[in-house]
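For reference, the structure is listed below as structure tokens.
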Amino acid sequence: MSTIRIMYRSRKRGVSTILGTLIFIGILFTAVIPMSLVMKQADTIYEQKKLEMERFDEERAREEIDVYVFPTEGAASDNLTVSVHNRCELTVRIIRIWINDTFIATDYVVPSMSELELGSFYVAPRDGSTYDVKVTTERGNVFECGSGTISYQDGHWEVENLMINVLISSSGIVFKIYVTLPSGDPHPDSPAMVWKIGGSAFKSFDVTTPGAGTYNVKVKRGSKLIHDENVTISWPSGPPVVWVYS
Amino acid sequence: MRSRRLMRSKRGITPVVATIILSAVVIAVGGAVWSYSQGAATVIANDYVNSTMTLLNEIIERFTVEHVSYEAGILHVWIYNYGDVDVVLDVYANATGGVFSSSLGNTVSSKTIRCVNVNITLDSGDEVAIKVHSRRQNNVYYTYYVP
């Protein structure tokens, strides 16, 4: 008889423990675990978006384009053409072109390392008026015209300077740049010695006085010729600035 | 013998009732704790998600001052929102000589440009420091020289 009672009591004691355990497991699975999952999901979204924005900012910083403007049909044209040279490894989308204080909404895609002429854009030029041109990219960068302000004087377009820009990224520290004018004479600044600082060396040659024509640019590292290129400045039928990359 | 049997069978009722009552109490208290836990967990999770999303919007908003011009007492500040969320912006303009003006609560939708006009009297050659402050505490600065 006493054996039966003991068995009965021990069975009775287990009911609350089992129920309590079930409730605990229920709370764990229906409240705590979903809560931690939701929090984890929010954290994941946050980290993912943060990473995306870091990439976006990096891409934005890497965007690099040269912008030049020239009259569309010769020096007396009423229209301007904007030349864009994409010098980065990313595709750039041009969404706006500013001419002074007004903008033209556009949608041009400039592939990596390629050039594109945008326009033409009618500006109704008046004598003595000046035009500042810049372009906005979809990533939020604004690039101003590399040749400065373009002006309209005495019935024709003028720029401040005609330039040949030489950018050297080749290995080495000291370089000599030789520029030969269309006449065959050397440029007054030639040969120019440049030092590579921070990954590249840059030298600009003013060719406003010789004017449009074909120039020869040579780059030497020591006695070794590392670059030889003929470049043509065709202003006012083309950009007033040309770039040589070595 | 009969009464003994009856007694023995009666003795079993009280423990059964006690077990039922105890189980009912455990279920009731457990259910209440369960319900409270679920509610608290939901509130905590929602608060956490909301604060995370607020912080997320703060880090993903992007805007820039694209162009500034001045004409007849009005400073035109063109702001381009190149981010993925709409922004509410306050524009402050401080010019040389202590001239100050602002334009508050300007909404710029995602991927759009908006011209914010700030009434301020400036002279040619003045330097204007422009601060664009978003309601999510991000700032963009721009310096403009009046032509």
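Given their separation in residues at 0.36 nm each and the Cα-Cα distance between them, residue A:156 and residue A:171 gain 1.1 nm when the chain is fully extended.
Fewest neighbouring Cβ atoms within 10 Å first, the residues A:157, B:34, A:195 line up as A:195, B:34, A:157.
Taken along the Cα-to-beta-carbon direction at a fixed 7 Å, the label points for residue B:40 and residue B:107 span 3.9 nm.
Of interest is the spacing of the C-alpha centroids, which for the range A:11-42 and the range A:185-215 amounts to 77 Å. Evaluated over the Cα positions of the protein assembly as shown, the convex hull gives a direction-averaged projected area, one quarter of its surface, of 34.6 nm².
Can you figure out the FRET efficiency of residue A:149 with residue B:52, using R₀ = 41 Å and their beta-carbon distance, to the nearest 0.05? Walk me through the numbers before you get to the answer.
Details: r = 48 Å, r/R0 = 1.18.
The formula returns an efficiency of 0.25 here.
Among B:77, B:16, the order by Cβ neighbours within 10 angstrom, fewest to most, reads B:16, B:77.
An ellipsoid equivalent to chain B, defined through the eigenvalues of its Cα gyration tensor, has semi-axes of 76, 12, 9 Å when rounded to whole angstrom and sorted largest first.
Need one word for the range B:63-145: rounded, prolate or oblate. Basis is the Cα gyration tensor (sqrt eigenvalues a ≥ b ≥ c); a/c below 1.5 gives rounded, then a/b vs b/c decides. Verdict is prolate for the range B:63-145.
Between residue A:55 and residue A:195, the contour length at 0.36 nm per residue exceeds the alpha carbon distance by 47.2 nm. Given a Förster distance of 35 angstrom, what is the FRET efficiency for residue B:126 paired with residue A:122, based on the Cβ-Cβ distance and rounded to 0.05? Approximately 0.60, to the nearest 0.05.
Phi angles across the range A:186-195 convert, under the Karplus curve 6.51 cos²θ - 1.76 cosθ + 1.60 with θ = phi - 60°, into 3J(HN,Hα) values of x, 5, x, 8, 9, x, 9, 9, 10, 10 Hz, Gly and Pro given as x.
With the cut-off at 1.5 for a/c, could you classify the range A:74-181 from its C-alpha gyration tensor as rounded, prolate or oblate? Oblate, since a/c reaches 1.5 and b/c is not below a/b. Seen against the Cα atoms of chain A and their longest principal axis, helix A:33-62 is set at about 10 degrees. Lysine pairs in chain A whose alpha-carbon atoms fall under 17 angstrom of each other, counting only those eight or more residues apart or on distinct chains, come to 12. When both the range A:168-184 and the range B:29-49 are represented by their alpha-carbon centers, they are found 73 Å apart. Here the sum of -39500 (n - 2.57) over DSSP H runs of 4 or more residues, divided by the residues of chain A, equals -8000 deg cm²/dmol at 222 nm, to the nearest 500. What ³J(HN,Hα) values, in whole Hz, does the Karplus curve 6.51 cos²θ - 1.76 cosθ + 1.60 give for the range B:119-132 when θ = phi - 60°, with x put for Gly and Pro? Running phi through 6.51 cos²θ - 1.76 cosθ + 1.60 with θ = phi - 60° gives 7, 7, 9, 10, 10, 4, x, 5, 9, 10, 8, 10, 10, 10 Hz. Label-to-label distance, residue B:22 versus residue B:117, with points set 7 angstrom from Cα along the beta-carbon direction: 8.2 nm.
Rounded to the nearest 10 degrees, the inclination of helix B:2-11 to the longest alpha-carbon principal axis of chain B is 10 degrees. Given 10 Å bins starting at zero, what is the percent of C-alpha pairs of the range A:161-246 in each, up to the one with the largest pair distance? So the P(r) values, bin by bin, are 18, 54, 24, 4.
Read-outs: derived from the displayed coordinates by stated rules, not from any lab. All figures in this text were calculated on a predicted structure; none of them were measured in a lab. Cβ: placed from backbone, ideal geometry, glycine included. Neighbour counts: every protein chain shown.
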